[in-house]
Each structure stands twice: as structure tokens, then as C-alpha cells.
């Protein structure tokens, strides 16, 4: 029964017809934390709907450096761009940042739904709109903010945001803000010396919220 | 408070010993061809093991938190 399997879908205002189709065609799988399940360039077969957990979508450079394209949260879709652009292979790699549950829809079924279920198409459009807004903000930050400001903004936002992601490595933080790990390490050291944060083993503690907030508003 | 340690992915670890060699506090060791924590309480979470691992088998995860300014 769809009701029991995919509670996140119920939150969406989808018609019974749409939910019935999803019940018949949407498969579910569990991905363990740090498990990679999608490889860039592999044959494109399915799209994914995040039911629970967080998924990291990323490119890898030739020297192994990771470029995080985005963190996909519950209710969001990914691998849809490749399908809509009629590409042969997956657009990027994907790995789970924590234990996650994914809904999987075959590419053909996804295209069929877009054509025949208007409420589903609206859902996908909203998903794209959210991603576009995020990327626009990111471009603005990269253009107008220093790396230090981007790091502070990241720390402040992560502190406020959903704590479903358990932790970040320095490399992942660097990938999120568009820099390299060494820079993150140096900047964290600077922020500690200035009394803005403390680092106690695996905890980055934001000490002076006011000063941190003022700095990103400059 | 739980003593946080770097997370070792046994599927990726090839027991090359680079992290053991670079660990400044002898927290890590190799036992029967497997990476283990020899002296976990020595670990200072310096993240050198993560930096040196070519297999990306070691993760030093930071949790971002906060508390109100004192005074």
C-alpha cells in the first residue's frame, strides 16, 4: 500500500490516479551511509526520489578531487536532468551521506508520468525551481563573497539546518564552498584564533554568533 | 562524552599502513593485516590519517554546533 510505504509522497498533493501509478512503478531501495550507488557515465536507466536521508551528487576531477554539485534532501529528485536531456549516461556520481531510502522510477516511466500526470509534472517543476534558486544563490556567493565568508555562511547554515547529516569532513566542507581542504583547515584555524569558533575534537563550536553573522553581512 | 574517533571504512582500507606511520600519537595500528585502534584515547582528531589515505578509507567527521557566548 502506498500509504504505508512512502509517507513522504503522501505529503504531496497528488491525485489518487498518480499515487496508484507510483505504487505500481516506484521501487524502493536502502542505501547505507557512504555507499556510492550511481556512477557518472554509466547507462542512464532510472531517476531517484529521496524518501529519507541525504544524497551527495558529485563530479570527480582527474586528480580525484571531488566537486559536490548538491546535497539532495528528502522529497527531492535527482538524475532527472540526464533523462530530460536525453543523455546516454548518468550526469554525475551519487553517494549516501547517511543511511537513506530512495524511490526509483525507470526513465521511461518518469517520462510517461510527466506527460500524463499534471500534478507530478508540477512536482518536478517545483523541484527544478528549488535547485535553480539554490544554484543562483551559489553563483552570487562565489562572485561576491570571500572564501572565509562562504565558510562562515556554511557553518551558520549547517548549525541551523536539519541535522540529518551527521558530520562533515573538511574535504566535504571544501567541496560545498568551492575551495580545497587545506584552505578550510587554515581558515578554521584563523577563526579559532580570533575567538569566533572552537574546535574540540570532532565538534566545531560556533562561539560568537553575532560576529560571525556580521561578517557575512559585510 | 563519547570519545569520537575517525571512521574507518573496512571495505576501502587496504591496510597499507600509511595512516599508522603518520599518526603522531600511535593511536592506530595494524593487527593481522587489519587497521585497528591501538590506543584510541591517544587520538587527538588531528585528521592526518584522513589526509594521507589514498583510498579515502578514513573519515574525520566534524559536527557543527554552538553555544551562547558566556558573560
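So here's what we get for this one:
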item	result
Contact order normalised by residue count of chain B, Cα under 8 Å, 6+ apart, percent	37 percent
Choice from A:92, A:137, A:174 with maximal GNM fluctuation in chain A (Cα, 10 Å cutoff)	A:137
When the convex hull of its Cα atoms is projected in every direction, mean area for region A:43-130 (nm²)	5.9 nm²
Modelled FRET efficiency - R0 22 Å, residue A:194 with residue A:157, Cβ distances, 0.05 increments	0.65
Using a Förster distance of 22 Å, the FRET efficiency for residue A:84-residue A:61 (Cβ separation, nearest 0.05)	0.30
Partner chain coverage, peptide A:198-211 - average Cβ within 10 angstrom	5
Sequence-separation-based contact order of region A:1-128, relative, with Cα cut under 8 Å and 6+ spacing, percent	34 percent
Residue with peak Gaussian network fluctuation, chain A [Cα springs, cutoff 10 Å], from A:73, A:150, A:186	A:186
Relative contact order computed over chain A (Cα-Cα under 8 Å; 6+ residues apart), in percent	20 percent
Dmax and Rg, reported as Rg then Dmax, of region A:146-217 (C-alpha, Å)	11.3, 29
Pairwise centroid distance, computed over Cα atoms, of region A:114-145 with region B:53-67, Å	29 Å
Kirkwood-based Rg to Rh ratio, region B:1-54, C-alpha trace	0.92
Neighbour-count order for A:69, A:84, fewest beta carbons within 10 angstrom listed first	A:84, A:69
Rg/Rh (Cα only; Kirkwood hydrodynamic radius) as it applies to chain A	1.01
Of A:89, A:64, A:178, the one that fluctuates the most in a GNM where chain A has Cα springs shorter than 10 Å	A:64
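Rule-based calculations on the coordinates, nothing more; no lab input. This one's a predicted model, so the numbers in the text were calculated from it and none came from an experiment. All Cβ positions, glycine included, derive from the backbone under ideal geometry; neighbour counts span all protein chains shown.
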